[in-house]
Amino acid sequence: MPGRVLCALQFFPRGGSAHVARALAAGLADHGWEVTVLSGSRCDLDGHGDAHRFYAGLDVRAVDFAPALAAPDPMDPPGGAAPMHPSYEDRPGAPDRVCAALDDAAYERQVAAWAAALLDAGVEDADVLHLHHLTPIHEAAARVAPATPVVGHLHGTELLMLEAIADGPPPGWPHAAAWLERMRTWAQRCAAIVVISPGQVARAAGLLGIDPRRCVHVPNGFDPAVMRRVDVDRAAHWRRWLADEPRGWAPGEGTGSVRYDPEQLDALLRGPVLLAVGRFTAVKRLSLLVEAFALARREAPGALVLLGGHPGEWEGEHPLEAIERTGAPDVFLAGWHDHDALAAFLSAADAQVLASVREQFGAVLVEGMACALPAVAVNRFGPAEIVQDGVTGWLVEPDDRDGLAAALVEVLRDPAARASRGAAARETARARYGWPALTERLAGVLEAAATARAAV
């Protein structure tokens, strides 16, 4: 009985959950659903945070954060403008402050803004809501469309914040208890909860007080028609994006402020290329990766490319500072690129590395595997369920610099292992993580929720 689904995401497009939301929304349309996407948006980042651009081809309703960002306090802009979204991460100086630091008044401003946005997006005509993350959108929906069933979608970052609260909230989180109770309430109202890995079921049930039988496993995936190995002229590719049209950036400087001379790129052609993709957040452990690569390069030739780093956003030590501190040779910053360019970058590499210690899923691992790249990842959470050690890649212990370095040496030295594990990785990705099958599973969850409401 496909009807109308309103898919909502409070955050502006920058992380993996936005890519998931886009892929699923497009797939649901293919299954006969009328889909509207409601999302936060920024138009001040060379288009990289613009919801209309990111979700192009879909019916998009955007909440513009520009007025909030221009205000003295982005969480309390004048004139009734929508406040900047809060965060599950506590990054000093960031405009999106951690949820647990926001008081009741700030919370109510969030709810009011998103209630208005839901109404503008036609929530009253929706048969079901698909709400990504646990955010104030849940409370807004309960106020303006209390009879409309909600399917919640956990991406895992919210669980990290809740676990930090359960362990004893750090200083600067005075409202942690209130946010914990709100998020538990939102989860308990959902008709179903989508989780991205089986390991999240017990965590979600314990933290949120929900029946684990209401959790549905729908992993993140990839589009087989887009994410595949393509023919790339490596020399031309790396010269374009590192020397001719660079997008790497230094702390406090703009896109393209990190540029390489063509002669600096020889290592990308002489030896294996390792690719690390992601934001410059503390959990990604990019400093640790640079340190491990510096050790590995003493034993074997090769290059490391860091693709990502949302413009102007980083936590702790910037990767460029880590490179300078360690003297790591042949490490390159390629900057932030649209997702459509990812297959070419993956195809210009020989293996991928994800040093993140608390990666809730690891969509980039699946995308790299689809492009026949073996992976080096941490043996925890999502990566431990995606990568099979010795078969599709290498698993190492979290925060183990020497163990990571040893794995990188194996990758750099053994082309046969790279080839065999890369081939196995591609077959695994195709069999388990294609978006068409995953979207069909989600469509069934949404239909069940909408049907149950219609029967009442």
Query raised in the report: Ranked highest first by the average count of other Cβ atoms within 10 Å around their residues, in what order do 254-266, 85-97 fall?
Result: 85-97, 254-266
**Report entry** Distribution of pairwise C-alpha distances over the chain, 20 Å bins, in %
**Finding:** 25, 58, 17, 0
Report summary line: If one compares the long axis through the Cα atoms of helix 415-432 with the longest principal axis of the Cα atoms of the chain, the angle in degrees, nearest 10, works out at 20
Report summary line: Of all C-alpha pairs within region 234-432, those more than 20 angstrom apart amount in percent to 50
Report summary line: CD proxy, 222 nm, the chain: helix-only mean residue ellipticity via -39,500 (n - 2.57) per DSSP H run with n ≥ 4, per residue, nearest 500, stands at -12000 deg cm²/dmol
Query raised in the report: Against the longest principal axis of the chain, how steep is helix 286-296, in degrees 0 to 90 to the nearest 10, with axes from Cα atoms?
Result: 20
Query raised in the report: Amide H neighbours of His310 under 5 Å, counting only residues 5+ apart in sequence or on other chains, H built in-plane at 1.01 Å?
Result: Phe280
Report task. With a 10 Å radius around each residue's Cβ, average the other Cβ atoms per peptide and rank 35-45, 360-370, 324-334, highest first. Result -> 360-370, 35-45, 324-334
**Report entry** Relative packing of peptides 432-444, 393-405, 147-159, 225-237 - highest average C-beta neighbours within 10 Å first
**Finding:** 147-159, 393-405, 432-444, 225-237
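Bear in mind that the values in this text are calculations on the coordinates, not laboratory data. Small disclaimer: the values here were computed from a predicted structure and weren't measured. Neighbour counts run over all protein chains shown; Cβ positions are idealised from the backbone, glycine included.
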